[in-house]
Amino acid sequence: MTQITDQSVRSVSGAPTAGTAKTPAEGAAKPSAGAAPAGAAKTARSRDAFFDNAKYLAIVLVAVAHAWEPLRSGSRAVSALYIVVYAFHMPAFIIISGYFSRSFDFRPDRVRRLITGIAVPYIVFEVAYSLFHRWTDNDPDMPVSLLDPWYLTWFLLALFVWRMTAPLWRVVRWPVPIALLIAALATTSPQIGDDLDLQRLLQFLPFFVLGLRLKPEHFQLVRRRAVRIAAVPVFAGTVVFAYWAITRMNMAWFFHRDSAQELGVPWWTGMLMTFALFGCGLVLSACFFSLVPGRRLWFTALGAGTLCGYLLHGFLAQSAGTWGWYDPGWLYGPAGEVFVSLVAAVAVTLLCTKPVQRIFRFALEPEMAWAFRKEPAKG
């Protein structure tokens, strides 16, 4: 996957980090043919554990929320938790993606990593998901279209476009307000349609631009003890509010894929909801980041494989409904809901491991030296 180098990045603990750090849509660095094990160990040590922990915990929330989908109709509590997770799990992912896109420019090696680490996986998995859907849903006429992202692949396409625009956001004044205005206008424009999943691309744009503008000290601020203490009642209060609101508002707002008119409300409601959801996502993401451990733990190394887990767990989520995994009635009680959550967390954890990453490296980290001109030697 792609890797954005920023030699000036400092870890959120304040210690300098030499080398590189990877976004949720980025994978392990590709060592050169003669790389020594000691060099690989040095690279691993240079990674900031906080961000790897945040990426791993976020991908677990993504998988668990998808596993809750079939349980929502029978449980108001699950529906409330589902919406709370949807309010911040993708915003947090996208903020981190923006943060590690700060140094992106159109230097040849970075463009090459953008293509091999984002564009190629998008093409491979868009085709794979479409063919998989044809098979599991007995829908042989479903078109395979790279212009209409299906299921999880929208994030790769959006990240490709967002990163291409990163240099622009570094030079304009008031980048976050401008991105918010673009997102708000998108919600008033049903004419945008489904091509390139532009509604989601534009409505989530402010979180990416915010990530571009963040600095290590901003993450230090949200990880202060006072913020960690406040995060617990904030999350608790959000769950209570979601439980109350679940029957009173259209939860499709949290998916960011429709305009206001498509949701049956006046156009100006879309603009108000854009600012409300951005504020909600920002507050909950800050609370999430405040609770993420900053030290190396058993799952820290899995943070480098989150794109692998993200893309592969979708096949399991799609198979669950098709193959009757939710048929047993006991799954719809409290014990069953906990069981489903644990299974989803374990499954995505396994999909983030190194052996799985190695198996799917051909799709997620292709070398593709044949496709690029040789870069001139430096110096």
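The values are calculated or read from the model by the stated rules, or taken from the named source; none is laboratory data. On a predicted model such as this, the values are computed, not experimentally measured, just so you know. A quick note on method: Cβ atoms are made from the backbone with ideal geometry, for glycine too, and the neighbour counts reach across all protein chains shown. For accessibility, only protein heavy atoms count, side chains too; no ligands or nucleic acids. Shrake-Rupley method; radii C 1.70, N 1.55, O 1.52, S 1.80 Å.
Looking at Y326 and the list (1) in contact with a Leu (Cβ under 8 Å, 6 or more places away or on another chain); (2) crowded, with 16+ Cβ neighbours inside 10 Å; (3) modelled with pLDDT of 90 or more; (4) more than 28 Å from L114 (Cα to Cα), which single condition is not satisfied?
So Y326 meets the others, but not (3).
Only one residue in F155, F132 is open to solvent by less than 40 Å² (accessible area, probe 1.4 Å), closer than 25 Å to I95 by Cβ and in contact (Cβ under 8 Å) with a residue 60 or more places away in the chain. Which one?
Values: F132 fails: closer than 25 Å to I95 by Cβ.
Unique residue meeting the criteria: F155.
Collect the residues in the stretch 296-314 that are touching a helix residue (DSSP H, G or I) at 6+ places or on another chain (Cβ under 6 Å) and surrounded by fewer than 19 Cβ atoms within 10 Å (Cβ to Cβ), keeping them in residue-number order.
The answer is R296, F299.
Tell me, which residue of the stretch 40-49 that is of a type in the set (G, A, S) and at pLDDT 50 or above is surrounded by the most Cβ atoms within 10 Å (Cβ to Cβ)?
Looking at residues that are of a type in the set (G, A, S) and at pLDDT 50 or above, I get A49.
Can you name the number of the only condition in (1) open to solvent by less than 60 Å² (accessible area, probe 1.4 Å); (2) farther than 28 Å from A77 by Cβ that A344 fails?
Failed condition: (2).
Tell me which helices (runs of 4 or more DSSP H) are completely within the stretch 98-197 and hold 2 or more residues being over 24 Å from F360 (Cβ atoms), or say none if there are none.
166-171, 175-187
Considering only the stretch 259-269, state which residues are hydrophobic (A, V, I, L, M, F, W, C) and either at pLDDT 95 or above or in a loop (DSSP other than H, G, I, E, B) (or both).
The initial filter retains those residues of the stretch 259-269 that are hydrophobic (A, V, I, L, M, F, W, C), namely 260, 263, 265, 267-268.
Those that are hydrophobic (A, V, I, L, M, F, W, C) and either at pLDDT 95 or above or in a loop (DSSP other than H, G, I, E, B) (or both): A260, V265.
Taking A260 as the residue in question, decide whether it is closer than 30 Å to R173 by Cβ and of a type in the set (A, V, I, L, M).
Criteria met by A260.
Is it true that L272 is in a helix (DSSP H, G or I), of a type outside the set (D, E, K, R), open to solvent by 20 Å² or more (accessible area, probe 1.4 Å) and closer than 29 Å to R224 by Cβ? Reasoning before the result, please.
Values: in a helix (DSSP H, G or I): yes; of a type outside the set (D, E, K, R): yes; open to solvent by 20 Å² or more (accessible area, probe 1.4 Å): yes; closer than 29 Å to R224 by Cβ: no.
No.
Being part of a helix (DSSP H, G or I) and hydroxyl-bearing (S, T, Y) is the filter; apply it to the stretch 50-78 and report the residue that is most open to solvent (accessible area, probe 1.4 Å).
For the stretch 50-78, the residue satisfying everything is S73.
Every residue, every condition in (1) of a type outside the set (V, I, T); (2) without any contact (Cβ under 8 Å) to a residue 24 or more places away in the chain, yes or no:
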site: I94; (1), (2): no, no
site: Y122; (1), (2): yes, no
site: E126; (1), (2): yes, no
site: T136; (1), (2): no, no
site: L168; (1), (2): yes, yes
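I'd like the full set of residues that are more than 8 Å from the chain's Cα centre (by Cα) and closer than 15 Å to T306 by Cα, limited to the stretch 96-109.
I96, F100
Restricting attention to the stretch 220-240, does a residue exist that is closer than 29 Å to D105 by Cα, under 21 Å from the mean Cα position of the chain (by Cα) and free of Cβ contacts under 8 Å to residues at least 60 places away in the same chain?
No: zero hits.
If you go through the stretch 241-254, how many residues are open to solvent by 30 Å² or more (accessible area, probe 1.4 Å) and without any contact (Cβ under 8 Å) to a residue 60 or more places away in the chain?
So the count comes out to 5.
Testing T306 on (1) over 15 Å from the mean Cα position of the chain (by Cα); (2) part of a helix (DSSP H, G or I), one condition comes back false. Which one is that?
(1)
Do you know which of the residues in the stretch 82-103 that are surrounded by fewer than 24 Cβ atoms within 10 Å (Cβ to Cβ) and touching a strand residue (DSSP E or B) at 6+ places or on another chain (Cβ under 9 Å) is modelled with the highest pLDDT?
R102
In the stretch 202-221, is there at least one residue being at positive phi and either of a type in the set (A, V, I, L, M) or open to solvent by 10 Å² or more (accessible area, probe 1.4 Å) (or both)?
No - not one qualifying residue is present in the stretch 202-221.
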